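The block underneath contains the structure these notes are about, expressed in structure tokens.
The values are calculated or read from the model by the stated rules, or taken from the named source; none is laboratory data. The shown structure was predicted, so the numbers you read here are calculated from the model rather than taken from an experiment. So basically every Cβ, Gly included, is an ideal-geometry build from the backbone, and we count neighbours across all protein chains shown.
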Amino acid sequence: MPKASKKRQKQKPAHYSYSNFWSIQAKTGDSWMWKQILKIRNKAQDIFGGTDNLKLKLQSCCRNSKIKVSALYNVISPASSIVTWHNTIWESINILRHSFICWLAVHNRLLTQDRLLNMGIMTVNSCCFCSGHESRDHLFFECAFSKDVWVLVME
Ligand SMILES: [Zn+2]
């Protein structure tokens, strides 16, 4: 590795230090990654009602000076309840790929054309089986072609 690029990797933003991490603002010329870290910090401060509360939450996740990831996850994510269809999707005999796709469908996270259109990735929304607009609900419940397939599967 050339000497110049090694030196470049070690550079930190000039205004960086641990003591002012909680109040530092992104500056022009900072790396994209650094700006993202500061954005997440700001979002976390908003969610937890300020820096002091966030620090307390982070400290509650530490054991022997190390952050326990499972504790951090529990702090960040709200407690969820087990839904009645849990075993239908995550049954041990199911193929994991199928379970994951079903889980995405339940949470409306499949990359259907309506979602791709909202993301600006596609410009036209047209079901490839009929003339309807492709969405999760259309593919699973409204599309005439899909209905025919479901009828054949269920026979
Ligand atoms: Zn259709």
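Restricting to segment 119-155, count the residues that are more than 8 Å from the ligand (Cβ to nearest atom), outside any loop (DSSP other than H, G, I, E, B) and free of Cβ contacts under 8 Å to residues at least 12 places away in the same chain. Result for segment 119-155: 11.
Pairs, please: C-beta under 7 Å, at least 6 apart or cross-chain, first residue in contact (Cβ under 8 Å) with a residue 12 or more places away in the chain and in segment 63-89, second assigned to a loop (DSSP other than H, G, I, E, B)? Filtered contacts from segment 63-89: 72/61; 75/61. Given the condition within 18 Å of the chain's Cα centre (by Cα) and modelled with pLDDT under 95, answer yes or no: does some residue in segment 44-58 qualify? Scanning segment 44-58 turns up at least one residue that is within 18 Å of the chain's Cα centre (by Cα) and modelled with pLDDT under 95.
Would you pick out the residues in segment 107-118 that are loosely packed, with under 14 Cβ neighbours inside 10 Å and either assigned to a helix (DSSP H, G or I) or near the ligand (Cβ under 10 Å from one of its atoms) (or both)? Listed by number, the list holds a single entry, 118.
Residues of segment 43-59 include none that is farther than 30 Å from residue 25 by Cβ and either loosely packed, with under 11 Cβ neighbours inside 10 Å or not assigned by TED's automatic domain parsing to the domain that holds residue 25 (or both).
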